1. Before we move on, is residue 108 free of Cβ contacts under 8 Å to residues at least 40 places away in the same chain and either buried (at least 18 other Cβ atoms within 10 Å of the Cβ) or touching a Phe, Trp or Tyr at 6+ places or on another chain (Cβ under 8 Å) (or both)?
2. Take residue 369 and tell me if it is modelled with pLDDT of 85 or more, over 30 Å from residue 479 (Cα atoms) and aliphatic (A, V, I, L, M).
3. For region 261-278, name all the residues that are of a type in the set (Lys, Arg) and part of a helix (DSSP H, G or I).
4. Looking at region 141-193, which of its residues are among the hydrophobic types (A, V, I, L, M, F, W, C), modelled with pLDDT of 90 or more, buried (at least 16 other Cβ atoms within 10 Å of the Cβ) and in a loop (DSSP other than H, G, I, E, B)?
5. For region 75-95, which residues satisfy the criterion of being crowded, with 24+ Cβ neighbours inside 10 Å and assigned to a strand (DSSP E or B)?
6. Condition test on residue 98, is it of a type outside the set (Asp, Glu), part of a strand (DSSP E or B) and surrounded by fewer than 23 Cβ atoms within 10 Å (Cβ to Cβ)?
7. From 451, 390, which residue is part of a helix (DSSP H, G or I), surrounded by 15 or more Cβ atoms within 10 Å (Cβ to Cβ), touching a residue at least 60 places away in the same chain (Cβ under 8 Å) and outside the structural domain of residue 323 (by TED's automatic domain parsing)?
Amino acid sequence: MNKSHTTLLSVLFIIMQVAAISCNEKQRENNSGSTEDSLAAPTKNVVDTKTSTRDVNFVTAAKITMPAVVHIKIHFNGSSEYGASGSGVIISSDGFIATNNHVVENSSAIDVILPDKRAFSAKLVGRDPNTDLALIKIEAKNLPVVTFGNSDKVEIGEWVLAVGFPLSLNTTVTAGIVSAKARSIGIINRPNGNTTQNNMAPESNMAVESFIQTDAAINPGNSGGALVNTSGELIGINSAIASQTGSYAGYSFAIPANLAKKILDDLKAFGMVKRGVLGVSFPSPSAEGEYLKQQGLNPALVKGVYITGVQNESAAAAAGLKEGDIIQSIDGIVINSSTEFSERIARHKPNDVIELSFLRKGKTVKVTATLHSEDVTKTKAKSNGVLKEIYNRLGATFAPLTADIKQHFNINAGVLVTKVRKDGFFGQVGILPGTIIAFINGKPINNPEDIDIAMLGAQSGIIQILAIAPDGSKVVFNLSLGT
C-alpha cells in the first residue's frame, strides 16, 4: 500500500491503521450452488454459536470461501508497477467484487488475480468513502461467490474466519471470535496525512463506522477480504486493524454485511449511494460521555442517542424531534449507541419511512419519519450564504492548530481563534484570540471545516462551545444563532 494509505492513525491511545487487506490461494473445487447472478440477499445464520469448539468445522467454511476471495493489485498515475494491493470478495457469478474504498481510491488501473491464477483487468463501478466500500467488476462468468449472511445475527463470542491476501502471501485463512459489535474507531475519511482523531473532511459528515471487532489475525493486504461465519456466509468486509506497528496486534475490524449489502446494491444500480437522511446531530462516540456530563446527565443512565440538534426542514423536524430527545429504537430495534444509530439509518434509502421511539422529559414518544435525500449540490449552494451570515455574527476567524500549540497544551485536536471583533458574539461573551475551540454541541472540532458543519447543523438554535482559554483553563460558552 502507498504511503497515503499506510499512515498510522491515533485513536484512544492506540494507533489505528487502515490496512489494505489482500489475498491469493490455490484453486479448489467449486461448491455446487455457490454461484449467484445478482448481489446475494442476506440469509439466516444457521450456525449454532453455542456449540463447543470441537464441533466447529473451520474446514468447510474455508473451502466455501477461499475460491471467491481475490487478490487486487493497484496501479497509480498510469505506472506499470503495482503501487498497492488488497483483497476482494466475489459477490456475484458474473464478476462483481466487493472491496474497500481505500484499496482502490486514486487508482489508474485495477488488476484482479483469482485463486486459480487467472488475471483480469477490473473496472471501478463505484465507491463510497463514507463506509470505506467499493464495487469493481471483471468480465467473467460462472465464478464462485460468497453468500451474504445476516450480520445482525452475529453474536459476541461467535467463531469467525478472515480470508484474504496479507503481506503479499497467497490466500490466507485465520480464525478468531467476535469480540465486539458496533465499534467506532474514527478512521473513515481522514484528509491525507492527518492523524487527528475523528478528523473528517466537510463532505464526509455522513461517514458511518459500526465495525464488527474480531481477534482473527489480519495484516496489511487483507483489506477488502471476507469475514465469514462457520457456515461460510459473509458477515463482514475486513477493513482495519488496531496496531502500534502496522501489523496485527490483537484486534481487527470489519464492515457489517447488512450495511455493506445496501451500499453495494446502490453502487451496482446507480454508481453511487443514495442515502436516507434523518437530519439530526449527536455527540460522537469519543465525545459523548463528556458532553452528557456537561448537560448534567449521567452517561451510564442515558440509554440511546442524545440529540444535540435538529436540522431545519429535515425529516426529523417534520417528525417533531427536538434537541434533548433521546432516540431509543428504530423500527423496534433497540439503539444503544450512536454507531448503531448511524448504521441503521445508513441502511435506508430516501423516502423510506422509519418508526422512531424516543424519550422526552421522561416520557416515551413514538413517531414515524420519512427520510430525505442527500442533495449535496443544493446543500452547498444554500450553505455559502448561510455560513457568511453566521460568521459575520460570530465576529471571529479561525485557523488550524500548529504542532507547537498542540504540544504546549498536550492535545491532538482543536481550532485556534485568531481574531475577535468586539461587536460579534465571541467578543460579547469574552472569547479571546488564542482560545482553542475543542467541541461544539458535543462534536470534536479538528479543523475550520468542522466549525462550518457544526454551525450549519445548529443554524437558528443554541450552540454550546467547549474551549481551552489561552491560560489553559477549560471554559464553556452558550451562544444563540437565532435572530
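1. yes
2. No, not satisfied.
3. Of everything in region 261-278, those that are of a type in the set (Lys, Arg) and part of a helix (DSSP H, G or I) turn out to be 261, 262, 268.
4. 143, 145, 146, 154, 165, listed by residue number.
5. Residues satisfying the conditions are 84, 85, 86, 87, 88, 89, 90.
6. Working: of a type outside the set (Asp, Glu): yes; part of a strand (DSSP E or B): yes; surrounded by fewer than 23 Cβ atoms within 10 Å (Cβ to Cβ): no.
Criteria not met by residue 98.
7. Among 451, 390, only 390 is part of a helix (DSSP H, G or I), surrounded by 15 or more Cβ atoms within 10 Å (Cβ to Cβ), touching a residue at least 60 places away in the same chain (Cβ under 8 Å) and outside the structural domain of residue 323 (by TED's automatic domain parsing).
A quick yes/no check of all residues on (1) modelled with pLDDT under 95; (2) within 20 Å of the chain's Cα centre (by Cα); (3) acidic (Asp, Glu):
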{"position": "226", "(1), (2), (3)": "no, yes, no"}
{"position": "235", "(1), (2), (3)": "no, yes, no"}
{"position": "239", "(1), (2), (3)": "yes, yes, no"}
{"position": "250", "(1), (2), (3)": "yes, no, no"}
{"position": "253", "(1), (2), (3)": "yes, yes, no"}
{"position": "256", "(1), (2), (3)": "no, yes, no"}
{"position": "263", "(1), (2), (3)": "no, yes, no"}
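The values are calculated or read from the model by the stated rules, or taken from the named source; none is laboratory data. Computed from a predicted model, the values in this text were never measured in an experiment. Reconstructed Cβ throughout: ideal geometry from the backbone, glycine too, with neighbour counts over all protein chains shown.
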